[in-house]
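Following: one structure in structure tokens, then a few remarks.
The values are calculated or read from the model by the stated rules, or taken from the named source; none is laboratory data. It should be emphasised that the depicted structure is a prediction, and the values quoted were computed from it without experimental measurement. Ideal geometry is used to build each Cβ from the backbone, glycine not excepted, and the neighbour counts take in all protein chains shown.
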Amino acid sequence: MPTLTVNGTSVTVPQGTLLLKAVEKAGIDLPTLCHHDALAPYGACRLCMVMITAPRRALVASCTYPVEEGLIVETDAPEAVQARRLALEVLMSRCPDSDVIRKLAEREGVATSRFSMPPAEKKDELCGLCGLCVRVCRDLIGAAAIGFIGRGSERRVGAPFDLHSDACIGCGACAEVCPTGAIRMEDRGNHRILHAWNTRIILSPCPECGRFFTPEPTRFLKGMFPEIDGLWDVCPECRQQKTSRQWLSGR
């Protein structure tokens, strides 16, 4: 297992560990928006930049850099601090009303941004373009219902042509992983509405209590776990009661 030094602290981690995790093990909390343990490294937000001083000198995104024996890392090197602050300034200019980004900036000592965007573009904008929603939909769910649209300051995330996405199964994974709350999902009657994608999904009712709870397209999941097939038809509350009854009856 490789041993490295982070801000003077020796850390030993398993081979293949990402530098971000090694830094966390050393007791240092770096800011990040685009990292998620369930997804492959991406390095989009550039908030976790650190300086490697040995065996080579390099400014790297710690969430994508695998550790190696003998690394010496400085998270508070001037170059690393400046890189993180610059990334936060860009995010603040894009999402000036985001509480999440503002708190990250305050923690890094950033109070204002030297950059600006047209008022029409930053009105109520919460999306920092971290890409988590796009990647979880494509890589974990396998739906690829959304993607990046446009370039430069006009870049954003959306469904094709900003129309209802037939590929969306309404699982809500995109809203779950969004770090800034930019994706608003609402269950209204027998519909699940994903406002950001202009998409409505029909929900099925629970046969036990009648509450609408599951998107119709997700019923294909039942075949993946035949041993608990009957439990997919009921809502989480009724499912818990059902499994409790089955467990008690089997004792």
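Below, the figures for the structure above:
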quantity: Residue selected from the stretch 89-103 under the condition in contact with a Leu (Cβ under 6 Å, 6 or more places away or on another chain) and of a type outside the set (S, T, N, Q), by the criterion farthest from Arg155 (Cα to Cα); calculated: Ile101
quantity: Neighbours by Cβ (under 6 Å, 6+ apart or cross-chain): first from the stretch 8-31, surrounded by 13 or more Cβ atoms within 10 Å (Cβ to Cβ); second assigned to a helix (DSSP H, G or I); calculated: Val11/Ala22; Val11/Lys25; Val13/Ala22; Leu30/Val23; Pro31/Leu104
quantity: So Leu59, is it within 30 Å of Ile141 (Cβ to Cβ) and either modelled with pLDDT under 95 or out of contact with any Phe, Trp or Tyr (no Cβ under 6 Å at 6 or more places or on another chain) (or both); calculated: no
quantity: Those residues of the stretch 32-43 which are crowded, with 21+ Cβ neighbours inside 10 Å and touching an Asp or Glu at 6+ places or on another chain (Cβ under 8 Å), in sequence order; calculated: none
quantity: Leading residue by the ranking (farthest from His36 (Cα to Cα)) among those in the stretch 136-183 that are assigned to a loop (DSSP other than H, G, I, E, B) and basic (Lys, Arg); calculated: Arg151
quantity: Residue ranges of strands (runs of 3 or more DSSP E) in the stretch 44-135 with at least 2 members buried (at least 20 other Cβ atoms within 10 Å of the Cβ); calculated: 49-54
